[in-house]
1. Give the residue that is farthest from Leu42 (Cα to Cα), with candidates limited to residues of the range 69-90 that are surrounded by fewer than 16 Cβ atoms within 10 Å (Cβ to Cβ) and among the small types (Gly, Ala, Ser).
2. Mind listing whichever residues of the range 56-68 are under 21 Å from Leu42 (Cβ atoms) and among the aliphatic types (A, V, I, L, M)?
3. Any residue in the range 10-22 that is of a type in the set (Ser, Thr, Tyr), modelled with pLDDT under 80, outside any helix (DSSP H, G or I) and surrounded by 13 or more Cβ atoms within 10 Å (Cβ to Cβ)?
Amino acid sequence: MTRCVSCNGIMKVGETSCYVCGERGPKQSGANPSMRARWATLVSIAFFASLALTVASLVVSDYTPPFIACVTASVVLLFLKRASDQFTRVKQ
Ligand SMILES: [Zn+2]
C-alpha cells in the first residue's frame, strides 16, 4: 500500500494514478524507496536522541528541555517510527 504524494490518499499496489485526485503515483523504482528508507533512519535517530534527552532531563535537567517535553517528543517519534517501519516493511 502506498500513499498519494499530493492528497495523501491511499493507493493500491499497482495503481499508477490516484483515484481521488488523479495524481500519478510514486514511481515503482527510483528515488522513492531510498528516500523512504532515509526517512525511517532519520526518525529512528531522532527517536533515540529524544530518548537519550529524556533520560538526560532526569539527570541534568538544567541543560535540557523540560522532562515532559522530552517524553512528548519521544512518544510522537515512537509513533512516527512505528508507522515508517510498517511502511518500509510493506513496501519490501
Ligand atoms: Zn491523490
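The values are calculated or read from the model by the stated rules, or taken from the named source; none is laboratory data. Since we're looking at a predicted model, the values are computed, not measured. Neighbour counts run over all protein chains shown; Cβ positions are idealised from the backbone, glycine included.
1. Within the range 69-90, the match that is farthest from Leu42 (Cα to Cα) is Ala69.
2. Within the range 56-68, just Ala56 meets the criteria.
3. no
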